[in-house]
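Report on one structure; see the data block that follows.
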Amino acid sequence: MNSSKQTRVNGLSIRLAILLIIGLSPFADAAEPMRLTSDGKMKQDLCFTHDTQELIYSVLKTPQLIKLQRLNLDSGTVEDFHTSANTNEIYIDFAKDMKHYAYIRNDGNLHTVLQVQDVENGELHSLNPGGGFACVRALTISPDGQNVVYSFPETNGSQQLWQTDNKLQNKTELTKSDFIDAYPRFSPTGNVLTFTSTRSGNFDIFRMSADGTGIFQLTDHPGIDTRPSFSPDGSKIVYTSLRQGNYEIFIMNADGSNQKQVTSNSGKDDFACWHPDGKRIVYVGEVKGKRDIYSISVQDMLD
Amino acid sequence: MLRLGEFKSRSCDGISRRAFVQAGAALPLTAMLTGEQIAQAATQARAKTVVFVWLWGAPSHLDTFDPKPDAPLNYRGPFGTIPTTLPGVRFTELVPQLAARTDKFALIRSNVTHDGGHPGAGTFGYTGHREGRGITIQPSWGSIVSRHHGAGAGLPPYVMLSRGIPRDVVKTIDGYGGGDWGKAYDPFLIQCDELGSINIPALKLVDGVTPDRIAHRRNLQDQLDKIKRNVTADTFDAWDSKSKQAFTLLTNKQALESLDLTKESTELRENYGQSSFGQSLLLARRLVEAEVPFVNVSWSEFVEAFSPNTDFGWDTHVKNFDLLPNRHCPVLDTAFSAFLDDMYDRGLMDSTLVVCMGEFGRTPRINNRAARDHWQHNYFSIWAGAGVKTGQVIGASDAKAERPVTRKIEPTGVGVTMLDCMGIDSIARAELNVLPEGEFIHELF
C-alpha cells in the first residue's frame, strides 16, 4: 500500500472512530429518526393515503387480532381503519384518486381473500383464491385504480404475481417461474412493478413492466433484500435489507444503482414506504423492544 | 402399581432395565417413596428447575437452526445462512442473535417424533406417549415433577405461562397436564401479555371474585382485599385445586412478588422485547429464582399461524416465508437470547435445565402453497444449563434435512433426560409408573 493510500485509510479510520465515540453512525447523512407512535405494538405494511396523507398500517391490536389503523401525522391521532373488522386485515394499498383501495382479509383457517373497496359506489369485491389453506400473500393497486397485482402460490411450490381488474375478474398470470415472487408495488405511473423474488437464489429485488415483461434484477446480495416501494416521483426505491446482519432500510435508484443504507439501528427496521413529500421514509423500527413507526429524512441522500 | 419388568429406560447413571430390576427387587417397596429418598435424589439432581420452552405449531428446522444451503432451492428455501460462533456451524440469517450465542447452548438436530398431527405430537412432546380414543392419558413432564417434588411455599410446582392450554382450532392436546392422575397435577396457568401484565384464569372460577388484571401493585392490593372479604372457609373448601392454589399464591407476599415484572429494570424488560413470549420468558426467570420446579413457556395457545381468533403459532402451512422473517423469528431471536443472557448473568444456569423445542419440524420440500407442512421425521431442540455441555451440535440430519443420519432423539429421551436432571431417575419413575421407555441423552453432558 502506498503512503498516500495509507494516510487516507488512517484518516477514514480516525473519522469513523470519532463518529463512534460521539455516538453518531457513519450513516449520519440521513437525519435522526423521529418516532411517530409510542404503543410499541407489532406493526407492518405501511402505506399512505393520497388525499388526507394519513398513514395506514396493520397492527397486532390484541393477541388474536391484526387490525388496519390510520395515523394522522398532523394530530397524532390513531383510529381503526375498518372500525367493525373482527378478523385479521393486512396489506392495504390505495389508488391515487382514492376511489378504490385493496387489502387482504383473513376470513378462515389459514385462508385469506383479496378485497377491493369501491369507495364511490360502496361496493366491496372479494376474490376467494380457493378452498383449503389458500392465501393471497401481498398486493398492490395501480395508481389509476383499475388493476390489482397480488402474489399467490402455485402447486409446484413457487409463488407468482397475478393481475386482476378492480372487480376482481379476468385474472392474468404476470410471472411464470419456479421461484417465489412476492411484495409487488406499482410505480407512480403504473407502468412498472417492483417486487421481491428468489430468482437469484435468495430474496432480491426486481422490476418489470406492468404487463410482466422485461424482468430486471435490481439487487444482488446473499442477505434478504425485500419489500421494495417506489418514491412518489418514481426515481427511487426504498427496501429492507438484511445484508448487514440486521434488518435495515436502504434506498436505491429505480435502476438498482446507488444503493445507500438509511437506518442503522440494533433492532429490526422494516416495512418502509415513502412519505408523499418524497423527502422522508416512514418505517417500523424496533427500539428497546418496542415496534413503533418512525420517520427519517433522506433529503441529503437524494442526488 | 410398579411394573419393574416393563421398564426399559436408562437413567443418566446408565442404569439399564436389567440393573434397575435388580436394584428395585433389592429395595423394599415401602422404602421407595420416603421423603428421605426424595430428598437424597434431589441432592443428586442436576437441576432444581426445568424451563420447558414450547414453540407450539412447530417451527421449520431448515429455516432456523438446521439450514441446508447446498440443497435445491425448493428444499433450502429463500433464506441465506450465517456463521455461528461454532466453526462450520451455520444458522439461517433469521436468528442472528442466537447464532452469536451458540456457546450458551447445545443444539440437537436429530429429534424425531411419532405423530404428524399437532395434538398427537403435542402429547408426545409433553408426555412421551401417544394420545387417542381409549388410550390412557399419561401425565406430562411438569405433572410428574409436580407430583415428585410437591408444592413449595406459595407457588404451584408446575406453572404454564401461556394464553391457554396448547391447542389447535379443533381441540386441546390431551397430554398437557395430569392426565389420568387427575386435575390436581395440571399446570397452573398464568397469562402474561406483551406488557408483562399478569392474569390468572383460575381466579375467574371463584364466584364474585374477578381479579382479571394484576398489572399494578395498588390494583393488586385492592383485588386481594376484595378476595379476602369474600372468601369464607366454606367457600374455600368448595373451590377446585387450581382456585385454591391461586388463592394461596395471592395471599403469599413472597410468591406474589415473583409474578411482578415491575420489579425488573426497564432496560431488562426491554431486552426481552414487547411480546407476550418475551415477557413470559422474563416471568419464567423470576419463577426460576422462586424455585418453581417446572415452568412451561408456550409460544402460543393455538398452533395456527394465521387464522381468525388465534394467536399466531408456528404452524406455517401458508406464509412460512412471510411470517418467519416478519414476526416469528425476530421475536424468538430477541426474547430467547435475552433469556439466556439473563439466566447466565444471574448464575441461574447451574441449577436450571432449559429446553426449547416444538412438536415436530416442517417439510423440507416446499409445499404447493410456497410454505412448509408438518414433518415429524426430523426437527431440532435447544438445551442449556444444569451441566449441559454447551457450544456443541448433537446429531445431524441428511443433505435435505429429511431424516437424522445419527441416533434419533425421541420424545421419551427428552423426557427421561429432563426428569433425570430433576432427580427423578428410573427408580423414581418406576415408583410413579411413568415413562417406562426412553434413553437419557448422554451427549448433552
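The table below gives the values:
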| read-out | value |
| --- | --- |
| Rg followed by Dmax, in Å, when the protein assembly as shown is reduced to its Cα trace | 27.3, 91 |
| Point-charge dipole on Cβ atoms (K/R +1, D/E -1) for the protein assembly as shown, about Cα centre, debye to 20 | 1320 debye |
| Length gained when the stretch A:T52-A:N86 is fully extended (0.36 nm per residue, less Cα-Cα span) | 9.7 nm |
| Overall form of segment A:82-206 per C-alpha gyration tensor (a/c, 1.5; a/b vs b/c) | oblate |
| Hits among aspartates and glutamates - C-alpha to C-alpha of B:K263 under 15 Å, sequence gap 8 or more where chains match | B:E289, B:D342 |
| Qualifying lysines (Cα of each under 19 Å from Cα of A:K99; at least 8 residues distant if same chain) | A:K167 |
| Segment B:147-188: translational diffusion in µm²/s, Stokes-Einstein, Kirkwood Rh over Cα pairs, 10 °C, 1.306 mPa s | 138 µm²/s |
| Segment A:E120-A:Q244, length gained on full extension (0.36 nm per residue, minus Cα span) | 40.1 nm |
| Taking A:T196, B:T85, B:T172 and counting other C-beta atoms within 10 Å, the order from fewest to most | B:T85, B:T172, A:T196 |
| Ranked B:C421, A:C273, criterion: other C-beta atoms within 10 Å, fewest first | A:C273, B:C421 |
| Hits among lysines - C-alpha to C-alpha of B:K242 under 18 Å, sequence gap 8 or more where chains match | B:K183, B:K204, B:K228 |
| Spatial separation of Cα centroids for segment B:387-445 and segment B:310-375, in angstrom | 20 Å |
| Furthest towards positive pole of dipole, B:F302, B:S241, A:G76, structure part the protein assembly as shown, Cβ charges | B:S241 |
| Fraction of antiparallel bridges per DSSP, the protein assembly as shown only, in percent to nearest 5 | 80 percent |
| Virtual spin-label span in nm between B:N309 and A:D277, 7 Å along Cα→Cβ | 4.5 nm |
| 18 Å Cα-Cα threshold exceeded, pairs from A:K96/A:K176; A:K176/B:K68; A:K43/A:K268; A:K290/B:K319; A:K41/A:K290; A:K268/A:K290 | A:K96/A:K176; A:K176/B:K68; A:K290/B:K319 |
| Stokes-Einstein D in µm²/s, Kirkwood radius over Cα pairs - segment A:194-303 at 20 °C with 1.002 mPa s viscosity | 153 µm²/s |
| Estimated FRET transfer efficiency (B:H442, A:S266; beta-carbon r; R0 41 Å; 0.05) | 0.60 |
| Top of A:S187, A:S264, A:S200 by mean-square fluctuation, Gaussian network on chain A, Cα under 10 Å | A:S200 |
| Most mobile of A:K288, A:K279, A:K268 in a GNM of chain A (Cα contacts under 10 Å) | A:K288 |
| Sequence of B:H442, A:H221 once ranked by neighbouring C-beta atoms within 10 Å, starting from the fewest | B:H442, A:H221 |
| Contact order relative to length of segment A:225-296, as percent, for alpha carbon pairs under 8 angstrom and 6 or more apart | 24 percent |
| Distance between modelled label sites at A:M34 and B:D350, nm, 7 Å Cα→Cβ extension | 5.3 nm |
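Every number in this text was worked out from the coordinates using simple rules, so none of it is lab data. Everything numeric here is computed off the predicted structure, so don't read it as measured data. Positions of Cβ are generated from backbone atoms using ideal geometry, with glycine treated the same way; all protein chains shown enter the neighbour counts.
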